[in-house]
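The values are calculated or read from the model by the stated rules, or taken from the named source; none is laboratory data. Quantities reported herein were computed from a predicted structural model and do not represent experimental measurements. Quick reminder, even Gly has a Cβ in these numbers, built from the backbone with ideal geometry, and neighbours come from all protein chains shown. To get the accessible areas, we keep the full protein, side chains included, count just its heavy atoms, and leave off ligands, DNA and RNA. Shrake-Rupley method; radii C 1.70, N 1.55, O 1.52, S 1.80 Å.
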Amino acid sequence: MSQQVLIKARDLSVHYALSGGKIFGPKPVVKAVEGVNLDIAKGSFFGLVGESGSGKTTLGRACLKAAPISRGTIEFSDGEVQYELTTIDKKQLKDFRTRSQLIFQDPYAALSPRMTVRDIIAEPLEVMGLTSSREETDERVREVAAKCRLNLEHLRRFPHAFSGGQRQRISIARALVSRPQFIVADESVAALDVSIQADVLNLLKEIQLEMGLTFLFISHDLSVVAHVCDHVAVMYLGRLVESAPTRQLFSQPRHPYTKALLSAIPSLDPDDRGKMQKLEGEIPSPTNPPPGCKFQTRCPHAIDICRRDEPKLVHSAEGHEVACHRWQELLN
Amino acid sequence: MTRLLDVENLTLQFDTDEGRITAVDNVSFTLEAGEIMGLVGESGSGKSVTAKSVMKLNPSNAHYGPETKIILHLDSGPVDIMSLQQSKDLQVVRGGAISMIFQEPMASFAPAITIGDQMVEQLMIHTDMGKKRSKELSIEMLDRVGISDPSTRFGQYAFELSGGMRQRAMIAMALSTKPKLLIADEPTTALDVTIQAQVIDLMKDLVTEFGMGIIFITHDLGVIAQTADKVAVMYLGRLVEQGLVRDVIRTPAHPYTKGLLAALPSLDDLDAPLVAIPGDIPSPLERPGGCVFNTRCSDNLGARCGAEVPTESLLSSQHNVACHLYSEEAIK
Ligand SMILES: Nc1ncnc2c1ncn2[C@@H]1O[C@H](COP(=O)(O)OP(=O)(O)OP(=O)(O)O)[C@@H](O)[C@H]1O
Ligand SMILES: Nc1ncnc2c1ncn2[C@@H]1O[C@H](COP(=O)(O)OP(=O)(O)OP(=O)(O)O)[C@@H](O)[C@H]1O
Ligand SMILES: [Mg+2]
Ligand SMILES: [Mg+2]
């Protein structure tokens, strides 16, 4: 794999002010992403996993300049261009939009019900002015639709007539039609049953190799991530808590949260019922996170220092970083 | 055991621009009070529309077959769902005796009303609780599904929540009315496995506490193995196999069920390729004659599978399969 870095985020933070809460006093703030450093190698299939609400979607969107960045920098360099996303100008941003795409988490919300599938897929081309004639647009749409195994008859229909999995292929076709370099796939196979999921994942992998794409693949399905990603980062409450080459992460998880995730994967054996390791303790609020390590309220190994100081992400092995005060002690 | 639901010969067709399609074809199953039935199958196989039929929730282009019979057994006596015409009559089942967790979380929350107001409104319609009690219960339910700081979240709008929180809020709303029957359509796809385990525990608690019955639609066979009592497998509108979870997962009979199990990414061998079931699910406009799976079946027996619809063969008292491989002639 080439070692060129496509996305390089430093001290990246995204904060949201919330409605609700108290009428007087400051509005609560959610630190959806806080102080994240992230390198995504060009051509990699980079997995991002973590608790619901931990900031995965927000981080993915920030990498596309589609979330309000409060602090930090993101560099995008694909060998042809180099942009710093927080200071990027309009013209560059327009170009960046053709080079990066998002495949949505919710295929129901993502597709406009009043457009035919053909028009949905063609829209990015038309909005960005990437084609010069209707024939050319049609040609591009047909080409990408075939890649995503949608047929001509599908193109004339409206999205409501499709089931979740079929819609997800439409979203994928739409994301690919501008021939981007970088794709953020947010829970793109969560709605799919396993045999189609295998098919779509094989498809994404194929497309990635063929077109040399880089994927940021957001998922909470660890077995899927294990099979398709070459590197995995784990988030908890806005922070990166562990990052490692896939094999390493699954064979030697070092953060207690990663360990808990791996042990909670539902087993296919009905006799394993009730044997899944469960986490005790309070799930912290993103508006009022605990001091110290954000995982301390649920961590079976938390001690005083964990409740006081926030651990930094440190090198623990080749390509393997972990943010835990006790990772060395907990090696066994 | 007490019978909660009888679905007999459910057939459902939709009028579409291209003609009438069959989405559900002669499906029958039963559910006891306190029982969890998993419903699995390929995307587009008709799981969601089957579930919605139990509440007569399909849009106006839907046509139910004349043989279709759906009976819900309540304490007050059996309710013949198909005979309910007015939305006033249907109120009894929608959101009252039956709750549904929809596959599309965004669609189930009105964008301009806070999560809390919607929960309270629903409780006030379907129970005799007052406003104050409704609010308390709503917040308590948000807490039980693992939403931290529930009183703040209560005052927020759906778009302010992460995908998984939205899903949990929907689960809280669906469970708060203590329905007799819960239809959960992919309820945990957006959750990390540690939270998923917690939500599933909550559902199981309610099953024991109130004898609630659940139809649990998911493509995660691990979740089924850990949660459901029995499982039904759908393909292109037909139920191809039904049985106790242990039997179906340990000794799957239908070639489609076998294919689904083989497509699961295994954590034991990360290098193993993902095996999709070959071929594409046919369009509902071109449903294959005979066995609906024959165009993709690796055990296809030839002419018979393409011509004759297989009837159910009983493999054991509670395990049956609709496949010619198991018909009497084939066994002989
Ligand atoms: N309102 C509708 N009008 C026309 N066709 C429809 C409508 N709703 C569903 N269908 C069709 O009915 C079939 C079954 O759809 P359904 O949504 O039940 O699938 P599903 O098994 O839930 O799939 P998924 O796993 O992708 O959610 C599909 O072919 C779908 O295109
Ligand atoms: N537009 C917004 N306004 C306010 N808060 C937001 C907004 N988008 C996200 N948040 C908050 O930021 C935090 C992170 O949300 P995000 O959607 O990134 O999580 P996630 O890891 O993708 O979760 P999931 O797995 O459930 O999709 C959550 O607390 C969420 O409520
Ligand atoms: Mg998300
Ligand atoms: Mg569905």
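Remarks
- Residue count for the stretch A:32-53 satisfying the condition of being closer than 19 Å to B:Thr194 by Cβ, more than 8 Å from chain B (Cβ to nearest Cβ) and either within 11 Å of ligand 3 (Cβ to nearest atom) or open to solvent by 20 Å² or more (accessible area, probe 1.4 Å) (or both): 1.
- Given (1) within 11 Å of another protein chain (Cβ to nearest Cβ); (2) without any contact (Cβ under 8 Å) to a residue 60 or more places away in the chain; (3) open to solvent by 30 Å² or more (accessible area, probe 1.4 Å); (4) touching a Ser or Thr at 6+ places or on another chain (Cβ under 9 Å), number of the condition B:Asp247 does not satisfy: (2)
- Count of residues meeting criterion [open to solvent by 20 Å² or more (accessible area, probe 1.4 Å), without any contact (Cβ under 8 Å) to a residue 24 or more places away in the chain and not in a loop (DSSP other than H, G, I, E, B)] in the stretch A:129-170: 12
- Any pair with Cβ under 7 angstrom, 6 or more apart, that starts in the stretch B:144-163 at a residue that is more than 8 Å from every other protein chain (Cβ to nearest Cβ) and in a helix (DSSP H, G or I) and ends at one that is basic (Lys, Arg) and open to solvent by 20 Å² or more (accessible area, probe 1.4 Å): B:Ala158/B:Arg166
- Selection within the stretch A:171-184 - assigned to a helix (DSSP H, G or I) and open to solvent by 20 Å² or more (accessible area, probe 1.4 Å): A:Arg174
- Qualifying residue in the stretch B:37-60 (condition: more than 15 Å from ligand 4 (Cβ to nearest atom) and either more than 21 Å from B:Leu12 (Cα to Cα) or among the aliphatic types (A, V, I, L, M) (or both)): yes
- Near pairs, Cβ below 6 angstrom, 6+ apart or cross-chain, from the stretch A:77-94 (closer than 16 Å to A:Thr214 by Cα) to any residue that is at pLDDT below 95: A:Asp78/A:Gln181
- For B:Asp201, the conditions (1) more than 9 Å from chain A (Cβ to nearest Cβ); (2) open to solvent by 20 Å² or more (accessible area, probe 1.4 Å); (3) farther than 17 Å from B:Ser48 by Cα all hold with the exception of (1).
- Close pairs from the stretch A:208-222: first away from chain B (no Cβ under 13 Å), partner outside any strand (DSSP E or B) and within 16 Å of ligand 1 (Cβ to nearest atom), Cβ under 8 Å, at least 6 apart: A:Phe217/A:Ser188
- As a summary of the residue check, B:Thr227 satisfies the conditions (1) polar (S, T, N, Q); (2) under 14 Å from the mean Cα position of the chain (by Cα); (3) farther than 26 Å from A:Ser195 by Cβ except for the one numbered (3).
- Of all the criteria given as (1) within 16 Å of ligand 3 (Cβ to nearest atom); (2) at pLDDT 85 or above; (3) more than 30 Å from A:Leu331 (Cα to Cα); (4) not in a strand (DSSP E or B), the one not satisfied by A:Ala191 is (2).
- Residues that are more than 20 Å from B:Ser45 (Cβ to Cβ) and either open to solvent by 70 Å² or more (accessible area, probe 1.4 Å) or over 16 Å from the mean Cα position of the chain (by Cα) (or both), drawn from the stretch B:1-14: B:Met1, B:Thr2, B:Arg3
- Looking across A:Pro286, A:Pro291, A:Pro311, A:Pro300, one residue alone is closer than 23 Å to A:Val232 by Cβ and open to solvent by 70 Å² or more (accessible area, probe 1.4 Å). It is A:Pro300.
Per-residue answers, yes or no, for (1) within 16 Å of ligand 3 (Cβ to nearest atom); (2) out of contact with any strand residue (DSSP E or B) (no Cβ under 8 Å at 6 or more places or on another chain); (3) not assigned by TED's automatic domain parsing to the domain that holds B:Ser283:
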| position | (1), (2), (3) |
| --- | --- |
| B:Thr208 | no, yes, yes |
| B:Asp220 | no, yes, yes |
| B:Met234 | no, no, yes |
| B:Gly237 | no, no, yes |
| B:Glu241 | no, no, yes |
| B:Thr257 | no, no, no |
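- Verdict on B:Ile224 being at the interface with chain A (Cβ under 10 Å from one of its Cβ atoms), in contact with a Phe, Trp or Tyr (Cβ under 8 Å, 6 or more places away or on another chain), over 24 Å from B:Ala33 (Cα atoms) and among the β-branched types (Val, Ile, Thr): no
- The set of residues in the stretch A:264-277 being open to solvent by 40 Å² or more (accessible area, probe 1.4 Å) and either small (Gly, Ala, Ser) or in a helix (DSSP H, G or I) (or both) consists of A:Asp271, A:Asp272, A:Gly274.
- Residues that are within 24 Å of B:Val24 (Cα to Cα), at pLDDT 85 or above and open to solvent by 40 Å² or more (accessible area, probe 1.4 Å) within the stretch B:268-291 comprise B:Arg287, B:Gly289, listed in sequence order.
- Test: residue in the stretch A:286-299 that is touching a residue at least 60 places away in the same chain (Cβ under 8 Å) and in a helix (DSSP H, G or I): no
- Every condition in (1) more than 9 Å from chain B (Cβ to nearest Cβ); (2) over 16 Å from A:Val49 (Cβ atoms); (3) out of contact with any Gly (no Cβ under 6 Å at 6 or more places or on another chain) is met by A:Thr297 except one, and the failing one is (3).
Each row is one residue, and each column tells you yes or no for (1) away from ligand 2 (no atom under 16 Å from the Cβ); (2) surrounded by fewer than 24 Cβ atoms within 10 Å (Cβ to Cβ).
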{"residue": "B:Thr194", "(1), (2)": "no, yes"}
{"residue": "B:Thr208", "(1), (2)": "yes, yes"}
{"residue": "B:Gly222", "(1), (2)": "yes, yes"}
{"residue": "B:Ala225", "(1), (2)": "yes, yes"}
{"residue": "B:Leu239", "(1), (2)": "yes, no"}
